[in-house]
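Note sheet for the following structure.
The values are calculated or read from the model by the stated rules, or taken from the named source; none is laboratory data. Note that the coordinates shown come from a computational prediction; the quantities given were computed from them, not determined experimentally. Cβ atoms come from the backbone with ideal geometry, glycine included; neighbour counts cover every protein chain shown. Accessible surface is based on the protein model in full, side chains and every heavy atom, while ligands, DNA and RNA are left aside. Shrake-Rupley method; radii C 1.70, N 1.55, O 1.52, S 1.80 Å.
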Amino acid sequence: MTNSQSNCLHPSALLQRSWRAAIYFIFASSLTLTTSCRYDDDKCCEPTLKGKIISYNEFGAAMLDFTEADMMKAGFTLGDIISITVDDNEIVMPYYDGYYTRNGEYLCVAYPTYPSICFTANNVGLPEELTGLEGHTVIVKMKEKGGCIDVQNALSMKYNNEREEYLCSDAEFANARAASGGKLASGRLYRSSSPFCNEINRAFYVSEYLEREKVKTVLNLADTEEKMQSYDMPPYSHKLWEEGNVILCPLKADPTADDYNNRLIAALKELPSRPAPYVVHCMEGKDRTGYVCALLEGLCGATYEEIVADYLITYYNYYLINPANDRDLCNALVSLRLNTCLMHYSGVYDEAELPKVNYAKAFSNYLLSHGMSQPQLDALVQALTVPNL
């Protein structure tokens, strides 16, 4: 990490590092996180919890009418392997407090900012037969107590939304910074958490940063028009919105989905017609933002090492995790999240080959094969690589 990234949490908020030993479990299993979890259908199916589907969230997850506290009272704890039965469909899945599976794999989640428990197929949402079932009964049963506790302990990371708990710059707290790598022009592309929604108490810090950097165009990967109308925005963010300088491109965090790519490529076609500098954001500036910035950095000639380094700064800003001290955990995070995206964009099927990829060529081919014309591609690259006047 550079000196500009040398932030730290107040000692009272330092993360518990009990996952260090558990990391080796992940690598011994070749990072196949969900298949490292075991279950035995013959084991006792108690405890049991019965409830209902009350709604579906914007990411296609089924929200249930009970909480983590209800799960705990019934005898379930994070890291258990459970089954969820809806009508005649029984699905076995891990129970986590985060999205610790690969795309498309089922999991039950007690996400810290969600009002209740949900289950879904990670990043892709539930299949059609499990949608539209509001009011239907859900039965949760135990399959293996603690069957995925190693993964839960290794990847469970929580950050603090209280500014005073972070001994760092406002920009680092807001996960706001310039993107870099390859031929990206200095001060041309930025990334951040949301400058509009203050759910994680960072929007005002982001807004001040964007004003200071004279950012003129926002690529918003999180919000719809309806959501934007509901926010009490910081002053500079409100100015950008009112002046029409926000491109709305709400995405789920699945870069392999057709809808994701159609929306994103349409937005990238529009970006060069807008004034620079640009900022890309979602809510935390982590996954969706990380994937899109990886694409843009690689398109401008960034190497694998440069893309990974930028991606991991986010985990330092939120959790104090960095490659110098937490190499195994960082490798796991990159393999689980970023590499899946890079493999899709570059057409590579073996992640061991990713450091050898010519990303400018591979990502150009990807965009051209998914609806972008050569002039549009050239305009995008020029918009990102021509220095500010």
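Brief remarks on what is shown
- Leu251 being among the hydrophobic types (A, V, I, L, M, F, W, C), surrounded by 21 or more Cβ atoms within 10 Å (Cβ to Cβ) and not in a loop (DSSP other than H, G, I, E, B): no
- Flag for Thr101 being touching a residue at least 24 places away in the same chain (Cβ under 8 Å), surrounded by fewer than 22 Cβ atoms within 10 Å (Cβ to Cβ), out of contact with any helix residue (DSSP H, G or I) (no Cβ under 7 Å at 6 or more places or on another chain) and not charged (D, E, K, R): no
- Only residues that are open to solvent by 10 Å² or more (accessible area, probe 1.4 Å) and either closer than 12 Å to Gln152 by Cα or in contact (Cβ under 8 Å) with a residue 12 or more places away in the chain (or both) were counted across region 79-96, and they come to 6.
- Tallying residues that are under 15 Å from Ile54 (Cα atoms), open to solvent by 10 Å² or more (accessible area, probe 1.4 Å) and of a type in the set (S, T, N, Q) within region 114-129 yields 1.
Residues are listed down the side, and each one gets a yes or a no for (1) surrounded by fewer than 20 Cβ atoms within 10 Å (Cβ to Cβ); (2) assigned to a helix (DSSP H, G or I); (3) not acidic (Asp, Glu):
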site	(1), (2), (3)
Tyr315	no, yes, yes
Tyr318	no, yes, yes
Asn325	yes, no, yes
Leu329	no, yes, yes
Leu342	no, yes, yes
Ser364	yes, yes, yes
Pro375	yes, yes, yes
Leu384	no, yes, yes
Asn388	yes, no, yes
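- Put simply, of Leu64, Leu49, Leu78 the only residue that is in contact with a Gly (Cβ under 7 Å, 6 or more places away or on another chain) and at pLDDT 95 or above is Leu64.
- Leading residue by the ranking (surrounded by the fewest Cβ atoms within 10 Å (Cβ to Cβ)) among those in region 203-245 that are among the small types (Gly, Ala, Ser) and touching a residue at least 24 places away in the same chain (Cβ under 8 Å): Ala222
- Sole residue being in contact with a Ser or Thr (Cβ under 7 Å, 6 or more places away or on another chain), within 25 Å of Ala222 (Cα to Cα) and not polar (S, T, N, Q), chosen from Gly104, Gly125, Gly98: Gly98
- For region 102-221, the strands (runs of 3 or more DSSP E) that sit wholly inside it and include 3 or more residues that are within 24 Å of Ala302 (Cα to Cα) and at pLDDT 95 or above are 189-192, 217-220.
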